[in-house]
1. What FRET efficiency would be calculated for the residue pair GLU68, GLN94, taking the C-beta separation as r and a Förster radius of 25 Å, to the nearest 0.05?
2. Between HIS78 and GLU143, what length comes free when the chain is fully extended (0.36 nm per residue of separation minus the Cα-Cα distance, one decimal in nm)?
3. Using a simple spin-label model with points 7 Å from Cα along the Cα→Cβ vector, what separation in nm is obtained for GLU251 and PHE110?
4. To the nearest 20 debye, what is the magnitude of the charge dipole of the chain about its Cα centre, counting +1 on the Cβ of each Lys and Arg and -1 on the Cβ of each Asp and Glu?
5. Counting only C-alpha contacts under 8 Å and six or more residues apart, can you give the relative contact order of the chain as a whole percent?
6. What would the Debye formula give as log10 I(q)/I(0) at q = 0.12, 0.13 Å⁻¹ for the alpha-carbon point model of the range 1-128, no solvent?
7. Using the Karplus equation 6.51 cos²θ - 1.76 cosθ + 1.60 (θ = phi - 60°), what ³J(HN,Hα) coupling, rounded to whole Hz, does each residue of the range 237-243 give in order, writing x for Gly and Pro?
8. How much of the calculated P(r) for the range 97-227 lies past 17 Å, in percent of all Cα pairs?
Amino acid sequence: MIRRFKPTYWLYNYFHKAALAHNIPLYKKYGIQKRYYESISAEDFKHLKGTANKYDKLDSFDTILKEENISKINSKYHNTLRNWSKNGYVILEQFFPESRIEAINTEVDFLIKKRKVKFQNKGKKIMFAFHHSSLIKAMGNDEHLQIVLKLLMGKKMELFQSINFMKGSEQPTHSDSIHMTTFPLGNLIATWVALEDVSLDNGPLHYYPSSHKLPYLMNEDFDNQGSRFFLGNKTYRTYEQRITEIIKEEELEQSVFLAKKGDVFIWHANLLHGGNEMNKPELTRKSVVFHYYSNDAICYHELTQRPSLRVRF
């Protein structure tokens, strides 16, 4: 019950105004009558119509090669970029050289040894390591990667979060937009970098091409809206079950990304994806995920109805 009591989070948020200040002018812009520390959810935007991002409106296949900075991107990636609107993802093979990947692996080992970071989610992931590592932060803000993200989104994207994995996540299929939500919708993008080769044995990333075109699944879609002072009483498992139903209803076909070290997978905020089970649990599956928000969108977490803390380093 305590975890569902929203004022508990309001109190915590009240003392973190600097990390929540990014939403204040946007609340004013959209006429949202909320204090910076209060709960926020999709319910608060039902009366508003948000503007879709560039390639949620246009077809990247027709126009992305006309973009100003396309010449700065290796031509071998042009075809996958053209299919962004259709697929909801792009694959950049061998984007980062082995020397840079090994430097990141060494850095992560050092951070763990020195206890500068700690594992979460049953020892499977390390959150926000880029706050402790200039190397990891530099990878997330890589100049050419940022150019790609700007091409896809039609705007500059700001690094919000890093997640390092030593093992496969084995996370059930989901959309990032239930966890990291924006208004207008779609103002989040994510990248996944393979820090070693991936096979069926060590738990590859799976995804559903074109699933980003489906309606966003918010709390109300699995009866989890809650009330003024309490979060909904549905478990996250209820959300996962609804995703499974949608996959069957829409007859979506799953794809698996058998990545090579240095490959990058970029996906749309609403693309359905997850991690396959590891056939050999003793193996590692080193990788790092970066999430990015745009600066012109309200950022929050639909599942917990909390505004997003954005700490700049």
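Any read-out appearing in this document is the output of simple, stated calculations on the displayed coordinates, not a laboratory observation. Small disclaimer: the values here were computed from a predicted structure and weren't measured. Cβ: placed from backbone, ideal geometry, glycine included. Neighbour counts: every protein chain shown.
1. Working: r = 25 Å, r/R0 = 1.00.
Computed FRET efficiency for GLU68 and GLN94 comes out at 0.50.
2. On the way: separation 65, 0.36 × 65 = 23.40 nm, distance 1.71 nm.
The HIS78-GLU143 span can extend by a further 21.7 nm.
3. 5.4 nm
4. Details: 45 positive and 35 negative charges, 290 e Å.
The calculation lands at about 1400 debye.
5. Values: 591 pairs, mean separation 93.3, N = 313.
The value is 30 percent.
6. Result of the Debye calculation: -0.96, -1.05.
7. 4, 4, 4, 4, 5, 5, 4
8. Numbers: 5770 of 8515 pairs.
Across the range 97-227, Cα pairs with separations above 17 Å total 68 percent.
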